[in-house]
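The values are calculated or read from the model by the stated rules, or taken from the named source; none is laboratory data. Given the structure is predicted, the values throughout are model-derived calculations rather than measurements. A quick note on method: Cβ atoms are made from the backbone with ideal geometry, for glycine too, and the neighbour counts reach across all protein chains shown.
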């Protein structure tokens, strides 16, 4: 059995290895789906990495609020002023238990 501290370190290592980004075809597929669903309102980018998708979502002008959460602070990534950032272990409760979102996107990249 892995101790909680060791598990958190493994999660940080995995997140860091991805460099906090996914690929353009994945982003395009998400954007196509959001458009097809006429998604609007508040959106949570769960596992946002460096914030590239969250930045794109801000620029769409479809969402009144864009919140991004990730385990690792990828400072130096896209710093869009419209993103509300949260940091924490995605396997645990969000640090804003009363938050409500109309749309939640969650991407994963494997290396």
Exercise for the section: Say whether the condition of being in contact with a helix residue (DSSP H, G or I) (Cβ under 9 Å, 6 or more places away or on another chain), touching a residue at least 60 places away in the same chain (Cβ under 8 Å) and not in a loop (DSSP other than H, G, I, E, B) is met by at least one residue in segment 63-82. Expected result: no
Exercise for the section: For segment 28-57, name all the residues that are part of a helix (DSSP H, G or I), touching a helix residue (DSSP H, G or I) at 6+ places or on another chain (Cβ under 7 Å) and in contact (Cβ under 8 Å) with a residue 60 or more places away in the chain. Expected result: 30
Exercise for the section: Report yes if residue 111 is at pLDDT 90 or above and more than 11 Å from the chain's Cα centre (by Cα), otherwise no. Expected result: no
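Quick check on segment 83-101: of everything there that is in a loop (DSSP other than H, G, I, E, B) and at pLDDT 85 or above, which residue is surrounded by the fewest Cβ atoms within 10 Å (Cβ to Cβ)? If you could, list the steps in order and put the result at the bottom.
Of all residues in segment 83-101, those in a loop (DSSP other than H, G, I, E, B) come to 88-101.
Still in the list and also at pLDDT 85 or above: 100-101.
Values: 100: 8, 101: 17.
Taking the candidates together, the pick is 100.
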